[in-house]
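All remarks here apply to the structure that follows.
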2 protein chains.
Amino acid sequence: MSGRLYVIGTGPGNPRQTTPEALAAVADAHEFYGYGPYLDRLTLRSDQIRQASDNREELDRAKVALQRAAAGINVCVVSGGDPGVFAMAAAVCEAIDHGPAEWRTVDLIVVPGITAMLAVAARIGAPLGHDFCAISLSDNLKPWPLIESRLRAVAEAGFVIALYNPISKARPWQLGKAFEIVRDILPTDTPVIFGRAAGRPDERITVARLGDAEASQADMATCVIIGSAETRMIAREGRPDLVYTPRFIKEEAK
Amino acid sequence: MSGRLYVIGTGPGNPRQTTPEALAAVADAHEFYGYGPYLDRLTLRSDQIRQASDNREELDRAKVALQRAAAGINVCVVSGGDPGVFAMAAAVCEAIDHGPAEWRTVDLIVVPGITAMLAVAARIGAPLGHDFCAISLSDNLKPWPLIESRLRAVAEAGFVIALYNPISKARPWQLGKAFEIVRDILPTDTPVIFGRAAGRPDERITVARLGDAEASQADMATCVIIGSAETRMIAREGRPDLVYTPRFIKEEAK
């Protein structure tokens, strides 16, 4: 009989943003697979086994987890944020889709979590208060021209844009290019939010005008939110500025 | 001295998906403002005051909450799901933006939650595993032609589409029209997920082919997720089908 395969999201890293459902999954599992810094967020018992692997080995990790669950072990695959947003749930489904028939019999339980854009948005106001999209800027996973055409399409259509995986050592120029593309479409003073490590002790949330936004303001732990033409800033004396996107668009706005 | 104004999300309704951070906010507040069914999810003490109002009175509710917080009371504004996604955080920011100066001094704390599309996605696999967007179908808040043009833009650009507020008594035809629009762009067998009340006792998650999808499969408690051309289904004997969107797009795919 197969074990359970949990695929959980810890949230962005603040333990108070991890759900009881995710903690219950952790308590029920015996082997844990994930990127080391995400596994570090869990408090495991001495009978629980931790198998950290590199961030770029998602499909291999998914296969090992499925093998172990098919062998009868309760297994937990750990993502930061939400496991369904540019994370392990899709990798596990891909492995099932192309794997042996017995992997389809595994009891797969995906446990949602707070994804980075929601945590960042909460810290600054309500930039995702109107229609929005999430794009991974990693061109390891799709061709760069497709990313460019998607950025143009959603900026022109008035979506707020959350950028995941904005920059890394191996992908240093993509975010700057993304800013160039949307600068041709959106007003210069459109707010751009750099939300780093939201809710964690090393949190840093900054806002720039699109005209001044620089890729160097982001790192691997940053989720970047580019406003729409409707997105507004509220200056507050003695408190951080707020950024929000109104719920309403009037008939004449487009 | 002003009180704190919490704007929290309970998650979609399963208590195990409410974060400790949201519960701590509830414990610290004395007055609660929100749509009745969302307030019903909270367990309040006898010294805590509950002020339910209609779902359509978001801006008025935000103003009252700000008045009370400015008067020194710790107030909690309650959304279902995440407060930043088509919910109260934007209404509160709108009220601050256009309200008296003293509202800008209120200690505003937005607490993120699991938004419906994440909970629905988790129950079916990983449909949001690649680039995706969230659109509110409510044309109370924006002109219908703008919604149509946005649907076309994102379907053509290859985004998975999560539809919030898909249908109501006052808006009976919009979801059917949305299906018509994307049918002209996406393959007939694109998976469409109707995710009703994810994680609650009355949950109902169904999948249709886009060619067969009907608006009558949704109600007010449903989040509809329309796949992209890349989104796949996995048939599983004795278990529900999975739906996922692969993380990769090969060079030749577009």
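For the stretch B:106-129, the tally of residues that are at the interface with chain A (Cβ under 7 Å from one of its Cβ atoms) and either of a type outside the set (A, V, I, L, M) or within 24 Å of A:Ile226 (Cα to Cα) (or both) stands at 9.
Condition check: over 19 Å from the mean Cα position of the chain (by Cα) and modelled with pLDDT of 95 or more. Does A:His98 satisfy that?
Numbers: over 19 Å from the mean Cα position of the chain (by Cα): yes; modelled with pLDDT of 95 or more: yes.
Taking the combined requirement at face value, the residue satisfies it.
If you go through the stretch A:85-103 and keep only what is touching a Phe, Trp or Tyr at 6+ places or on another chain (Cβ under 8 Å), closer than 13 Å to B:Arg247 by Cβ, within 7 Å of another protein chain (Cβ to nearest Cβ) and in a helix (DSSP H, G or I), you end up with A:Ala89, A:Ala90, A:Cys93, A:Glu94, A:Asp97.
Applying the selection to the stretch B:104-140, what residues are assigned to a helix (DSSP H, G or I) and either modelled with pLDDT under 95 or surrounded by fewer than 24 Cβ atoms within 10 Å (Cβ to Cβ) (or both)?
B:Arg104, B:Thr105, B:Arg123
Mind checking which pairs have a first residue in the stretch B:143-171 that is more than 10 Å from every other protein chain (Cβ to nearest Cβ) and a second that is of a type in the set (Asp, Glu), Cβ under 8 Å, 6 or more apart or different chains? So the pair list comes out as B:Ile167/B:Asp219; B:Arg171/B:Asp139.
The single condition among (1) more than 9 Å from chain B (Cβ to nearest Cβ); (2) surrounded by fewer than 19 Cβ atoms within 10 Å (Cβ to Cβ); (3) among the aliphatic types (A, V, I, L, M) that A:Ala213 does not satisfy is (2).
The one condition from (1) of a type outside the set (S, T, N, Q); (2) at negative phi; (3) within 14 Å of chain B (Cβ to nearest Cβ) that A:Ala218 does not meet is (3). Taking the stretch B:1-76 and the helices (runs of 4 or more DSSP H) fully enclosed by it, the elements with 2 or more residues that are within 27 Å of A:Pro12 (Cα to Cα) are at B:20-28, B:36-39.
The values are calculated or read from the model by the stated rules, or taken from the named source; none is laboratory data. As the structure is a prediction and not an experimental result, all values here were calculated from the model. Neighbour counts are summed over all protein chains in view; Cβ atoms, including those assigned to glycine, are modelled from backbone coordinates with ideal geometry.
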